[in-house]
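The structure under discussion appears below in the form of structure tokens.
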Amino acid sequence: MASSLKHEEIDAFRSVLLKLRARFRGDLAQMTDEALKRNQPDASGNLSNVPMHLADVGTDNFDQEFTLSLIENEQETLVEIEQALVRIEQGTFGRCEECEGAIGKSRLEALPYTPLCIGCARKMESRA
Ligand SMILES: [Zn+2]
């Protein structure tokens, strides 16, 4: 059951993930803010706190679309970061969600939030 990672290694990954999460959250807040501002040129004032579904935001502005697709990607990554932090708490960090094998350390160093070992990630990609 025990992960093959040492306690100190898990601690190091946790702090990397926490930093990544803070960065992604900051980026997302800023990008969302800018994208939504561009959507309301008359600045009627009170729209900025309205939670808007990203898919419903105007479609006639390429820049905005581009920003929004970046936001969606970042949101996915943010979810993966959150899940990786949960796995650290649960003691399953470093184990592949598909085959339950160990995820290689060099892979975790490159992608600390990945839920899959390299073998399963490749299988997923070829399936897509
Ligand atoms: Zn696997």
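Structural remarks
- Here the range 74-95 is scanned for amide nitrogen atoms under 17 Å from the site 7 Å beyond the Cα of M124 along Cα-to-Cβ, giving 74-88, 92-95.
- Residues in the range 1-37 that a label on N73 would reach, taking backbone N under 16 Å of a point 7 Å out along Cα→Cβ: 24-25, 27-28, 31-32
- Nonlocal amide H pairs with R95, under 5 Å, H built at 1.01 Å: I103
All of the numbers you see were taken from the coordinates with simple rules; none came from a lab. Model, not experiment: these values are computed from the prediction. Reconstructed Cβ throughout: ideal geometry from the backbone, glycine too, with neighbour counts over all protein chains shown.
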